[in-house]
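Participant: Would you mind keeping the following structure in view while I ask a few things?
The values are calculated or read from the model by the stated rules, or taken from the named source; none is laboratory data. Keep in mind that what you see is a predicted model, and the values were worked out from it rather than measured. Cβ sites come from the backbone with ideal geometry, for glycine too, and all protein chains shown count toward neighbours.
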Amino acid sequence: MWPPTSRPAVPRRLLRFASPVVALLLLAGCASVADVTGTATQQDLVELRGEVAAAQQAAARARSDAENAAQRAVDARLKAQGPETERQLTALNRRLDGLTTSLTELVARVEELSARVEALGRQVRGGAPAGPSGAATGPATAAPTAVPRPATPATPTTPTPPTATPAPTAPPTATPAPTTPPPVTAGTRPATNALQPQDIYQASYIDFSKGSYALAMAGFREFLRRFPEHPLAGNAQYWIGESHFSLARGHANAGQADRATQELEQAVQEFRKVLASYPRGEKAPTALYKEALALIELKQPALAQQRLEYLVANFPQAEETPLARERLAAIKTR
């Protein structure tokens, strides 16, 4: 402590910024500026810096914990929604398969009904001219003598000769049609289908061109079932394979890799049937080339190379042969 007469002069600018307590202490001579402001301020700064660093670390940990919690919540939600979405897709696929089956059955039913209508129409047209002859012979001859004649086989199912006269009225008797007309048609002409082979083939091809591949395959299979030796049978078999190949592309574009693989494998089998059953058919080289493309997509380049080489060797003039050579060059350079 300095005596009152020798106190150091305190600068006015220091007093201006110092707190009242510090100013009083300085004026009273209890402590120096260094004692009051120097060491205490540095410690406070160190402590504050430590607290700030701790707060920053705590904030970083809290942020990391929040992000991890959010990610876990998202993962849990995706896991919870995954089975439900898969179940919905499975249900939709089953419903689509059911609708496809129903459509196929309806097509078959419509064809069957068309065949029956056509058969009934032919029976009516064939029975109309036979009616007058039966009516003319009925009164002139007795029942026993009418057996050898071809105009009277419709009457043996009835006990009395007068029943031969109602034969001309075939349109009103729609219900007895299965009993009396069949012997006439069986004896006079063979049973025929309502639709011609070209009609079934053309209808199936129209379904294919519209993207109705399930209906197209059903129609082509029906064509092969009815007319396996028809000149267009090889083409019908090819379009079945092409339908599976088109379905595989659709599934691949939709991100359904498993279904795309199944359709590609089925396409390979159908294309092979073309060469096995119709080796000299119009679509044999095309089926070979498309089979090779399907094998390439199935990651089977060795088999694809064999099919392409077979195509080049056995069908040198085919339109697909130059394309096959290009594919072979691409496979060999890999």
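Participant: Test of understanding: among THR41, THR104, which residue is modelled with pLDDT under 75, part of a helix (DSSP H, G or I), hydroxyl-bearing (Ser, Thr, Tyr) and over 30 Å from the mean Cα position of the chain (by Cα)? Don't jump to the end; show me each part of the working.
Facilitator: On the way: THR104 fails: over 30 Å from the mean Cα position of the chain (by Cα).
Result of the check over THR41, THR104: THR41.
Participant: Assuming VAL312 fulfils every condition listed in (1) part of a helix (DSSP H, G or I); (2) of a type outside the set (Asp, Glu); (3) within 25 Å of TYR213 (Cβ to Cβ) apart from one, which condition is it?
Facilitator: (3)
Participant: When you go through PRO301, PRO285 one by one, which is the residue that is in contact with a Phe, Trp or Tyr (Cβ under 6 Å, 6 or more places away or on another chain) and either modelled with pLDDT of 95 or more or over 17 Å from GLN266 (Cβ atoms) (or both)?
Facilitator: Values: PRO301 fails: in contact with a Phe, Trp or Tyr (Cβ under 6 Å, 6 or more places away or on another chain).
Of PRO301, PRO285, the one residue that is in contact with a Phe, Trp or Tyr (Cβ under 6 Å, 6 or more places away or on another chain) and either modelled with pLDDT of 95 or more or over 17 Å from GLN266 (Cβ atoms) (or both) is PRO285.
Participant: Of the residues ASN314, ASN253, which is more than 25 Å from PHE220 (Cα to Cα), in the same structural domain as HIS230 (by TED's automatic domain parsing) and in contact with a Pro (Cβ under 9 Å, 6 or more places away or on another chain)?
Facilitator: Details: ASN253 fails: in contact with a Pro (Cβ under 9 Å, 6 or more places away or on another chain).
Exactly one of ASN314, ASN253 is more than 25 Å from PHE220 (Cα to Cα), in the same structural domain as HIS230 (by TED's automatic domain parsing) and in contact with a Pro (Cβ under 9 Å, 6 or more places away or on another chain), namely ASN314.
Participant: Can you list residue pairs whose Cβ atoms sit under 6 Å apart, with the first residue in segment 277-298 being in the same structural domain as PRO228 (by TED's automatic domain parsing) and the second being assigned to a helix (DSSP H, G or I) and polar (S, T, N, Q)? Count only pairs 6 or more apart in sequence or on different chains.
Facilitator: So the pair list comes out as LYS283/ASN235.
Participant: Another question, then. For the condition under 26 Å from ILE206 (Cα atoms), over 27 Å from the mean Cα position of the chain (by Cα) and not polar (S, T, N, Q), what is the one hit in GLU291, GLU229, GLU242, GLU263? Spell out how you get there, then give the answer.
Facilitator: Working: GLU291 fails: over 27 Å from the mean Cα position of the chain (by Cα); GLU242 fails: over 27 Å from the mean Cα position of the chain (by Cα); GLU263 fails: over 27 Å from the mean Cα position of the chain (by Cα).
Result: GLU229 is the single residue among GLU291, GLU229, GLU242, GLU263 that is under 26 Å from ILE206 (Cα atoms), over 27 Å from the mean Cα position of the chain (by Cα) and not polar (S, T, N, Q).
Participant: Then there's this: So how many residues does segment 273-288 have that are surrounded by fewer than 16 Cβ atoms within 10 Å (Cβ to Cβ) and either of a type in the set (Asp, Glu) or under 25 Å from the mean Cα position of the chain (by Cα) (or both)? Before you say what the answer is, go through the steps one by one.
Facilitator: Narrowing segment 273-288 to residues surrounded by fewer than 16 Cβ atoms within 10 Å (Cβ to Cβ): 276-277, 279-280, 282.
Going one step further and asking which of them are either of a type in the set (Asp, Glu) or under 25 Å from the mean Cα position of the chain (by Cα) (or both), we end up with 282.
Selection size over segment 273-288: 1.
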